[in-house]
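Working notes, structure below.
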Amino acid sequence: MAWNSPKVGILGGGQLGRMLTESANRLNIEVHILDAENAPAKQISAHENHTVGHFNDQEAVQELAKTCDVVTAEIEHVNTHALEAVASQVKIEPSWQAIRIIQNKYDQKRHLSKFNIPMADYAELVENTPEELAKIGEQLGFPLMLKSKTLAYDGRGNYPVRSKDEILAALEALKERPLYAEKWANFKMELAVMVVKTKDTVLSYPTVETVQEDSICKLVYAPARNVSDTINKKAQELARNAVAAFEGKGVFGVEMFLLEDDSILLCEIASRVHNSGHYTIEGCGLSQFDTHLRAILDLPIPARSVELRQPSIMLNIIGGATPDSHLQVAERALSIPNASIHLYSKGAARPGRKMGHITVTGATMYDAETTIQPLIDTVDEIRA
Ligand code: ATP
Ligand code: MG
Ligand code: MG
């Protein structure tokens, strides 16, 4: 069997699946996507072997598994019982066990605690009552972050509780969801590291700085600005250790908090390629999408290919006030030097929806910052 002949199944065909498909296409690797008809990833992969359906539907997962050699996912909120059911038929990378633990943020923290990964203190809510949260508040202090254990993304599932007066509002906002509370992390910067777990090693991309607005990632600076080499290395090591605690191969995204005293806490792990790693397409020899495919197919990944070639800044294009706001940002970017535009072809924009991103590289970080500033101004103008 030729090195590029295994068929790769992907649960989910959104922008991450689409960028994985872009990488696969360049190696003549066939990807089979499970998602709705004409999902962004399917649009760039013309063959008859895709599956129409939802990544939570057991039958659809079974149908997909029949057509491929290895199954992976672009999202952690998949039906891991469906994956478990096909595990004897097809390789699943990373393992369904890893995805199952990671998709529940409370289970993820309990698991990582066993491996001595530093994290903000946390406590489980069992009854979701005001009395229970008040008691936890006494223990963790205010403010604290109330979080849904499951189905969290883009901060939807988080509620900052500034004082005990906000307990009722917080429980109302997250009602009917399984909850835990987290001690507030007074960070001076948010960091992220993309980690690649292969059959025999754990590699890390450089430490980047992420900026979220309304809990959605807005900007990524690679490398993190004004961060010492020691911290850069320490964050990469923490990220590698955290990912090593899970079974299976592929790329994982690790989010961290850098505190005032330069200590680092893990925020959360994603068992997949990640928004904070999009800069690797232009910034590194191999992108996170390239290395994910190579890792799950046991193909070589030269360590130098995950080093940064040039300072890079990634700006998300998020749906704004009008249905074509995102196109205005992309249009402006057409005239910016060294700006690589990625539109996801998701159809109609909604406020807050990730529609694309732009990466600017520069000889220095200052150069990249100066180049991208007009685009950041445009994004701020069209914000919903
Ligand atoms: P994602 O889209 O990254 O999956 P999510 O919905 O899973 O996001 P988190 O990553 O847990 O949510 O939190 C989102 C953001 O909220 C963080 O990037 C950070 O800015 C803030 N945040 C989360 N936890 C804390 C905390 N304990 N203290 C302070 N801020 C926090
Ligand atoms: Mg998350
Ligand atoms: Mg997060």
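Here residue 261 passes the criteria (1) surrounded by 24 or more Cβ atoms within 10 Å (Cβ to Cβ); (2) assigned to a loop (DSSP other than H, G, I, E, B); (3) not small (Gly, Ala, Ser) except the one numbered (1).
Within the stretch 183-206, restricting attention to residues that are assigned to a strand (DSSP E or B) and either within 22 Å of residue 357 (Cα to Cα) or at pLDDT below 95 (or both), which residue is farthest from ligand 1 (Cβ to nearest atom)? Can you show your working first?
Here is the first cut: in the stretch 183-206, the ones assigned to a strand (DSSP E or B) are 183, 187-197, 202-204.
So of that shortlist, the ones also either within 22 Å of residue 357 (Cα to Cα) or at pLDDT below 95 (or both) come out as 189-195.
Details: 189: 10, 190: 5, 191: 10, 192: 9, 193: 14, 194: 13, 195: 15 Å.
Filtering the stretch 183-206 for residues that are assigned to a strand (DSSP E or B) and either within 22 Å of residue 357 (Cα to Cα) or at pLDDT below 95 (or both), the one farthest from ligand 1 (Cβ to nearest atom) comes out as 195.
Every residue in the stretch 301-341 that is surrounded by fewer than 20 Cβ atoms within 10 Å (Cβ to Cβ), within 22 Å of residue 224 (Cβ to Cβ) and not small (Gly, Ala, Ser), please. Passing the criteria: 304, 307, 308, 309, 310, 338. With respect to residue 93, is the statement that it is away from ligand 1 (no atom under 12 Å from the Cβ) and in contact with a Lys or Arg (Cβ under 7 Å, 6 or more places away or on another chain) true? Spelling it out, residue 93 is indeed away from ligand 1 (no atom under 12 Å from the Cβ) and in contact with a Lys or Arg (Cβ under 7 Å, 6 or more places away or on another chain).
Every residue, every condition in (1) small (Gly, Ala, Ser); (2) under 25 Å from residue 171 (Cα atoms); (3) buried (at least 19 other Cβ atoms within 10 Å of the Cβ), yes or no:
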| position | (1), (2), (3) |
| --- | --- |
| 86 | no, no, yes |
| 124 | no, yes, no |
| 129 | no, yes, no |
| 134 | yes, yes, no |
| 141 | yes, yes, no |
| 153 | no, yes, no |
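Among the residues of the stretch 207-246, those that are farther than 18 Å from residue 283 by Cα, assigned to a helix (DSSP H, G or I) and within 18 Å of the chain's Cα centre (by Cα) comprise 235, 238, 239, 240, 241, 242, 243, 244. Of the helices (runs of 4 or more DSSP H) that lie entirely inside the stretch 15-112, those containing 1 or more residues that are within 16 Å of ligand 3 (Cβ to nearest atom) and out of contact with any strand residue (DSSP E or B) (no Cβ under 9 Å at 6 or more places or on another chain) span 96-103. Just one of (1) surrounded by fewer than 24 Cβ atoms within 10 Å (Cβ to Cβ); (2) free of Cβ contacts under 8 Å to residues at least 60 places away in the same chain fails for residue 298. It is (2).
The values are calculated or read from the model by the stated rules, or taken from the named source; none is laboratory data. Fair warning: this is a prediction, and the values are worked out from it, not measured in the lab. Note that we place each Cβ from the backbone using ideal geometry, even for glycine, and neighbour counts take in every protein chain shown.
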